[in-house]
Structures are given as structure tokens and as C-alpha cells.
1. Select from segment 129-176 the residues that are among the polar types (S, T, N, Q) and either at pLDDT 95 or above or part of a loop (DSSP other than H, G, I, E, B) (or both) and list them in ascending order.
2. Filter segment 203-259 for residues that are among the polar types (S, T, N, Q) and surrounded by fewer than 19 Cβ atoms within 10 Å (Cβ to Cβ); which is farthest from ILE295 (Cα to Cα)?
3. Hey, does segment 117-127 have a residue that's surrounded by 15 or more Cβ atoms within 10 Å (Cβ to Cβ), aliphatic (A, V, I, L, M) and within 27 Å of ASN183 (Cα to Cα)?
4. Residues of segment 30-80 being out of contact with any helix residue (DSSP H, G or I) (no Cβ under 7 Å at 6 or more places or on another chain) and among the β-branched types (Val, Ile, Thr), which ones?
5. Hey, among the residues in segment 61-94 that are without any contact (Cβ under 8 Å) to a residue 40 or more places away in the chain and in a loop (DSSP other than H, G, I, E, B), which one's surrounded by the most Cβ atoms within 10 Å (Cβ to Cβ)?
6. Given the conditions (1) assigned to a helix (DSSP H, G or I); (2) touching a Phe, Trp or Tyr at 6+ places or on another chain (Cβ under 8 Å); (3) exposed (fewer than 14 other Cβ atoms within 10 Å of the Cβ), which single one is not true for LEU322?
7. Suppose we filter segment 238-277 for residues that are more than 23 Å from SER218 (Cα to Cα) and either outside any helix (DSSP H, G or I) or touching a Cys at 6+ places or on another chain (Cβ under 9 Å) (or both); how many remain?
8. Filter segment 195-230 for residues that are part of a helix (DSSP H, G or I), within 25 Å of CYS282 (Cα to Cα) and over 20 Å from the mean Cα position of the chain (by Cα) and give the result.
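The values are calculated or read from the model by the stated rules, or taken from the named source; none is laboratory data. These numbers come from a predicted model, not from an experiment. Ideal geometry is used to build each Cβ from the backbone, glycine not excepted, and the neighbour counts take in all protein chains shown.
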Amino acid sequence: MRVDIAGFTRGSKVLDHRAVMDFCCRMDALGYDGMWFNEFHFQQPPDPYPSTLLLASAILARTERIRVGTSIVVLPLYHPFLLAEQAAQLHAQSGGRFDLGVGRGTHPTTLQALGIPAEETRDRFGQSLDVMLSAWRQPTSVPQDSVWPPSSVAVGPMLAEGDSIPVYIAGSTPETVAIAVENDMPLLLSLEPNEVRQLRTYDDLAGRAGGPYPADFSISRYVMIGETRGAALRAVDELLPRLYERRLRYARAQHRDPATVMPIDRDVFLSEQMIAGDARDCIDQLTALRDRTGIDSIRLIFNCNGEIAEERADAMATLFGLDALPALHALPALSPKTEISR
């Protein structure tokens with residue numbers, strides 16, 4: 001099973017960069033397979049790492065084997081040639097340890113600051129992805145009818161023949177999920193809201209009746225690991241009010257009515273979004289999730305997207321790496337792809 005860490009720097013406004021690099025190096029040594037970082041621009045107070053690509057470069061330069069991924073790069077913000085070139089450079093510098101997660105992005109403040117109409121993001125996403133994928137493989141021009149300025153010079157190929165960069169698609173709308181289906185790309189499944197909506201849309205578009213899903217999809221869960229099950233569950237109960245307040249803040253930031261944000265149901269939360277307990281509990285819950293979905297890749301969020309202090313999240317990631325990770329790595333491999341009926 002591929003076991004990654006996600007969200008470690010999310011929600012934090014003041015970080016010691018040396019401590020972040022030290023954490024990444026220690027997680028690499030513990031055997032985690034990957035780390036994923038989120039892209040948020042123009043936050044107040046400023047986010048310490050608005051550029052996932054710059055952060056990925058720093059981590060990849062200091063680690064030996066762990067992969068680094070973006071969850072996500074917001075494609076509508078970037079000219080596809082420049083993004084394709086930067087991703088190809090990271091891929092080469094790291095010896096192929098870079099994973100590119102892409103999505104449309106929905107934060108209105110970012111779009112407004114850059115003068116990008118929200119209604120353009122769908123076209124920008126699809127066209128940017130097409131141009132980027134093409135430029136990696138062959139000489140490519142931006143066409144006349146593109147949302148991007150048409151080019152008079154062809155660019156590419158940026159990758160050697162037979163080489164490739166893993167690309168994951170994040171999104172829940174039929175238009176975005178359809179791009180993943182059409183290009184046979186894995187989905188980077190969300191946590192809030194959880195993956196149910198994305199997988200239902202995927203099933204509808206791919207002509208499926210549910211799982212098992214392709215093993216290389218990436219699923220996500222919060223983690224609360226403790227020395228005992230009771231200690232971990234008490235920590236979950238302390239966390240739930242803070243997560244609810246966080247959801248209210250995001251609703252206001254996205255100009256949604258906070259009254260539409262429902263209180264968190266503890267049982268549903270533990271069933272659908274949280275892995276909680278001692279090491280044996282965590283192993284059993286993740287194994288059951290893998291067996292139920294067929295998905296062999298998990299992104300674990302120890303800091304609960306900023307609601308758990310870095311020091312405590314670090315301690316939980318270390319405990320998990322020592323006591324749970326070896327058993328998950330020892331699980332028999334699943335097929336990397338599940339046949340899709342179209």
C-alpha cells in the first residue's frame with residue numbers, strides 16, 4: 001500500500017522552514033512514500049508556502065526516496081507551456097519523484113486578484129491540460145481558439161521518448177471527472193467533502209456500478225493515532241468543534257451561507273473521514289478501506305489541515321511511521337489498474 005502524508009503546512013501562517021525540511025527528511029527516513037502540499041494564494045495573513053512547485057523543489061533536493069506531489073496546482077492560473085516546463089524540470093531534478101495533481105480551483109479571491117472570470121476556469125483547465133500533455137510529448141502550439149494567447153512558435157517535446165510524469169485529477173464536477181476518465185488518469189480524491197461524490201460521478205461517466213476502483217486513485221483521511229484507542233478517541237472529540245468552526249470560516253470565505261453548514265456527526269465522521277485509535281486500529285481501518293474500495297494509495301492528514309499543532313502532528317506521524325507503516329507496506333500489492341467498462 002502506498003502511504004503518503006498530506007496537509008502538513010496547511011493552515012499554518014508562521015513556519016520555521018528548517019523545521020519543515022527536517023520533518024520531510026525524517027518522514028523520508030521512516031519510509032513514507034510521498035508528501036502532498038496545497039496551493040493557496042494571496043492569503044491574509046500570508047501563507048508561508050503559496051507555491052507548491054517551489055516547496056516541492058526544496059524537499060526533493062533534501063530527500064532521497066520520498067515522492068512529492070501537488071494537491072493541487074490550479075491549472076487556470078498558469079500558462080500551460082510554463083507549467084509544463086517547470087513540472088518537467090522537477091521531474092528531471094528529482095529522478096522522477098514528482099507527482100502533479102491538478103484541478104480547476106474555486107477560491108474566488110484568487111480569481112478576482114488575477115482578473116480571471118470564474119466562468120472561464122472550466123475552459124482554462126481543459127485547454128491548459130491538453131496543451132501541457134502535448135508539449136511533454138511533441139512540438140505543440142497554442143491554437144487560435146484558445147483562452148490562452150495563440151503561439152507562433154511550437155514548443156516541445158519536453159520529456160524524453162517513453163518518459164512520463166504522473167498526473168492526478170482533482171474535482172467533483174462531471175466536466176472535470178470526465179477529463180480523468182477520457183485521459184485514463186487517476187483521481188486525487190478529496191476529504192471535505194469526502195470522496196463519495198467524486199466516485200459517484202466517476203461511476204456514472206465510466207459506466208460502472210461502484211468499486212473496486214483503480215488502485216492508483218489516491219484517497220484521503222484524517223488520522224488520530226494514540227498509544228491507546230481511548231486516548232485517540234478523546235482527542236477526536238476535542239477536535240470536532242474546531243473542525244466545525246473551520247468549515248464555517250471556509251463557507252464565509254467562499255460567500256456561502258454558514259447556515260447551510262451542518263454540525264459534524266461523530267459516527268459518520270469516524271466512519272467516512274477519520275482513522276482513529278492505536279496502531280493496530282489504524283492498520284485494521286486502513287486495510288478495510290483498501291479492501292472495500294480497491295484503492296491502494298492513501299494520503300494521511302495528521303495535522304487535520306491546521307487544527308492540530310505541528311509538534312503534535314509530527315509526533316503522530318512518527319508514531320504511525322514506526323508502529324503502523326511497516327504492516328501497511330507488507331500488504332500484498334493490488335493491480336495498478338481496474339478495467340473500466342466504457
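1. Residues satisfying the conditions are SER134, GLN138, THR140, SER141, GLN144, SER146, SER151, SER152, SER164, SER172, THR173.
2. Applying the filter and picking the extreme gives GLN254.
3. Within segment 117-127, not a single residue is surrounded by 15 or more Cβ atoms within 10 Å (Cβ to Cβ), aliphatic (A, V, I, L, M) and within 27 Å of ASN183 (Cα to Cα).
4. THR52, ILE72, VAL74
5. Of everything passing the filter in segment 61-94, THR63 is surrounded by the most Cβ atoms within 10 Å (Cβ to Cβ).
6. It is condition (2) that LEU322 fails.
7. Counting residues in segment 238-277 that are more than 23 Å from SER218 (Cα to Cα) and either outside any helix (DSSP H, G or I) or touching a Cys at 6+ places or on another chain (Cβ under 9 Å) (or both) gives 12.
8. ARG229, GLY230
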